[in-house]
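The values are calculated or read from the model by the stated rules, or taken from the named source; none is laboratory data. Just so we're clear, the structure is a prediction, and the values are computed from it rather than from any experiment. Please note: Cβ atoms are built from the backbone with ideal geometry, for glycine as well, and neighbour counts cover all protein chains shown.
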2 protein chains.
Amino acid sequence: MIKANDPTLHSWIEIDPQSDFPIQNLPFGIFQTENKDPRVGVAIGDYVLDMCELGRRNFFELIDLDPNIFHRPYLNDFIALGKPIWRAVRNRVSELLRNDNTEISGNSELIDVCLVKMSEAQMLMPVKVQNYTDFYSSLDHAVNIGTMIRDPKNALSPNWKHIPIGYHGRASSIVISGTDIRRPNGQSKAADADAPVFGPCRLLDFELEVAFITGKETRLGESITTDEAEDYIFGLVLFNDWSARDLQTWEYVPLGPFLAKSFASSVSPWVVTLDALEPFKVKGQVQDPKPLPYLEYTGSHNYDINLEVLLKPEQGEPQTICNSNYKYMYWNMVQQLTHQSSNGCNIQVGDMYASGTISGPEKGSFGSMMELTWRGTEPITLADGSERKFINDDDTVIMRGHGERNGIRIGFGEVKGKVLPAL
Amino acid sequence: MIKANDPTLHSWIEIDPQSDFPIQNLPFGIFQTENKDPRVGVAIGDYVLDMCELGRRNFFELIDLDPNIFHRPYLNDFIALGKPIWRAVRNRVSELLRNDNTEISGNSELIDVCLVKMSEAQMLMPVKVQNYTDFYSSLDHAVNIGTMIRDPKNALSPNWKHIPIGYHGRASSIVISGTDIRRPNGQSKAADADAPVFGPCRLLDFELEVAFITGKETRLGESITTDEAEDYIFGLVLFNDWSARDLQTWEYVPLGPFLAKSFASSVSPWVVTLDALEPFKVKGQVQDPKPLPYLEYTGSHNYDINLEVLLKPEQGEPQTICNSNYKYMYWNMVQQLTHQSSNGCNIQVGDMYASGTISGPEKGSFGSMMELTWRGTEPITLADGSERKFINDDDTVIMRGHGERNGIRIGFGEVKGKVLPAL
């Protein structure tokens, strides 16, 4: 269907086989270089293809779009054009980068203008986030958390297997990979204390998540079906939902997580399109009990994407502490978005919907420190001999993700953030 | 301090003494008339003062602002200019409308252009809502709800008197007064049922709230103090936080209200400035236990503003079903905003922070049907003889608010919405 995914494609740009960004990927992002405005780019190998420069040179003249649509500080206007346009643009970029095409490759001045080394580009937030929802859709994660903080015999709340549980999050504090994360202050209360105290979070955690971004709006009062949901989804990013566990424990009853989450979430810069991820679709686990009819779906909507979390102490190398996979989702994206709109809530262009922590069945695949160290009772020992129950000041947390099929690797790059001491 | 509040002021425009919009109020909104773009207006009596037309005629030339700042579909750009500018503009409007000023009153052509009858203006959303938080700050409301759905002996969660409890809400579905509200579909489960069902909400409710809008941003990682908070607040609107009680009961554990709220919230069109509300400041109730130091405050930050809810059946007159007051807030705005930023969460221009349902101590002052009918066990009888446990299809809910001091009435107008049957 999508020629841009053809595994036999090759580019005239030399690309390392271990790169996340072969010609079959072509994710979109927003970048900036010295003396130039923020603009849309496409990742290819170690380069960013400057879509703004290509647009103004009429390389997309056969597609029905404003040639200045890539001269924007966010992807929102571009993705609002709809799936047929995203597809046409991605296919056209694929054509331009193909080893038998000379429109760019035959023009060394043009190459200089429109191919920017990734190392020289500053990546910015890919979208202006309009609304942000965080789901809670990994069964292993929900069971782990429920076992630890509620009741091992009733780890799941009664609604969990009927509803893709989620909550509204804070859009303003979603930041691009590389942004330092300030350890939050907040209220917490020890189990045996009479009263809470206010001070730096002591149990700072990450949550390994993947978020999808919508590119099509609904009107208030409308709902969409599981069959329609994919048409609303532009693509995916890695998402670190930083969490303050001690704040969360004290504040979250009865209205849910609030300041334990809203101090920051970090996202990876490149939005990998659903089209590029098509080869990685796999069946999800059997849902028992059977979901209500509005949540039933046809086809496969889970994705076999390896996810990895690394922790880097201030002095030291990044060390893998978790290997998980996006396929471990009990509720898939299509069900999540359908549920979100089932009450008539309007979907907007640039909404971000995060998966919730993605944990697999084994301990090494748990997607948070809370689970990896079992609430701090089983610390992780790092290569430098130091121990971690949660995240320390000056630690950097790095998340990576990629799928691989037929020798083609489609990746997300990474999302990273370094924790600074509380103010 | 603020000459625009002087009770001896009079306008050359004739204003009914019962109007919400005397010269001492001057709230800002966005309106539209035939063949003209959406723009900023100021309410005065039965008229809208067209700020866009005044701006282009240089009536604000002594104030440091772009004269086209009022030619916008939202107030965000104007309020981003900061409190000194809002004040200067409001003072200048007061001067122009004063009975001894002839700059407008002496020019009948100009009057025709810049004074629009309210009945001919369509009001639009005053701000593009960037982020939306809903607090839960009325003690009587929290006790009522806790008594009904949890435990009468432990009605308040242990954190309630330490934390201004709140949760992130959905910004996309906040709509302007007059917008019809579609009854949502969703999951609910009867207490004695084995499994949930999906269908139209059966327990549709309103929540009487007041929301404040921020006009100044903080940077991520920064916090503000209770002394600084007022500088961040532009003004207030009435807020109806429509709620689907049956959906809420089934979904809200463990992560809080989600689809029970996100189908719609309605706001009144005129943003009444904090400055205009200054005369109505009153002391809040004593907070015991004493809040943690970051939540302590000086001065008065509650407001004596009468709030009223009316219900209008399809065939019938509006009938008052609740008289409450904004002064019944346990946690005030200044504490709410300080708490929101205490973890470093960044505040943006155009954020909306709703109070939570405002109930007083007596039954007639409860701010939701849930409380007024005590979960449906004590129905309200309307003038037409019909009963209401919750809100029926084709019912219209109207909320009004005003304060009165020294014979001066400062009001909000109203927020109303009619409920349409589920799709």
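Of the strands (runs of 3 or more DSSP E) entirely within segment A:1-99, those holding at least 1 residues that are more than 19 Å from A:Met125 (Cβ to Cβ) occupy A:39-44, A:47-50. When A:Tyr252 is tested against (1) touching a helix residue (DSSP H, G or I) at 6+ places or on another chain (Cβ under 9 Å); (2) within 14 Å of another protein chain (Cβ to nearest Cβ), only condition (1) is not met. Selection over segment A:143-171 of residues that are over 30 Å from B:Gly350 (Cβ atoms) and either hydrophobic (A, V, I, L, M, F, W, C) or in a loop (DSSP other than H, G, I, E, B) (or both) gives a count of 15. Every residue in segment A:175-186 that is within 7 Å of chain B (Cβ to nearest Cβ) and either within 21 Å of A:Asp134 (Cβ to Cβ) or at pLDDT below 95 (or both), please. Listed by number, the residues that qualify are A:Val175, A:Arg182, A:Pro184, A:Gly186. The residue that is nearest to B:Leu236 (Cα to Cα), counting only those in segment B:128-174 that are of a type in the set (Lys, Arg) and more than 9 Å from chain A (Cβ to nearest Cβ), is B:Lys128. If we keep just the residues of segment B:187-198 that are buried (at least 17 other Cβ atoms within 10 Å of the Cβ) and facing another protein chain (nearest Cβ under 7 Å), which is nearest to the chain's Cα centre (by Cα)? Top of the filtered list is B:Gln187.
The condition of being surrounded by fewer than 22 Cβ atoms within 10 Å (Cβ to Cβ), of a type in the set (Asp, Glu) and either closer than 30 Å to A:Asp77 by Cβ or touching a residue at least 60 places away in the same chain (Cβ under 8 Å) (or both) holds for A:Asp394.
Does A:Ile224 fit the bill of being more than 13 Å from every other protein chain (Cβ to nearest Cβ) and in contact (Cβ under 8 Å) with a residue 60 or more places away in the chain? So A:Ile224 does not fit the description; no. Selection of segment B:287-319 for residues being surrounded by fewer than 16 Cβ atoms within 10 Å (Cβ to Cβ), β-branched (Val, Ile, Thr) and more than 13 Å from B:Asn332 (Cβ to Cβ) yields an empty set.
Note on segment B:227-244: residues that are away from chain A (no Cβ under 13 Å) and under 23 Å from B:Lys416 (Cα atoms) total 7.
Scanning segment B:275-317 for residues that are among the charged types (D, E, K, R) and assigned to a loop (DSSP other than H, G, I, E, B) returns B:Lys283, B:Asp288, B:Lys290, B:Glu296, B:Asp304, B:Glu314, B:Glu317.
Within segment B:220-241, being of a type in the set (S, T, N, Q) and within 16 Å of the chain's Cα centre (by Cα) holds for one residue alone: B:Asn240.
Taken together, the residues in segment A:119-142 that are crowded, with 18+ Cβ neighbours inside 10 Å and either in a helix (DSSP H, G or I) or of a type in the set (Phe, Trp, Tyr) (or both) amount to 7. Within segment B:244-264, restricting attention to residues that are in contact with a Cys (Cβ under 7 Å, 6 or more places away or on another chain) and not in a loop (DSSP other than H, G, I, E, B), the residue that is nearest to B:Arg183 (Cα to Cα) is B:Ala244.
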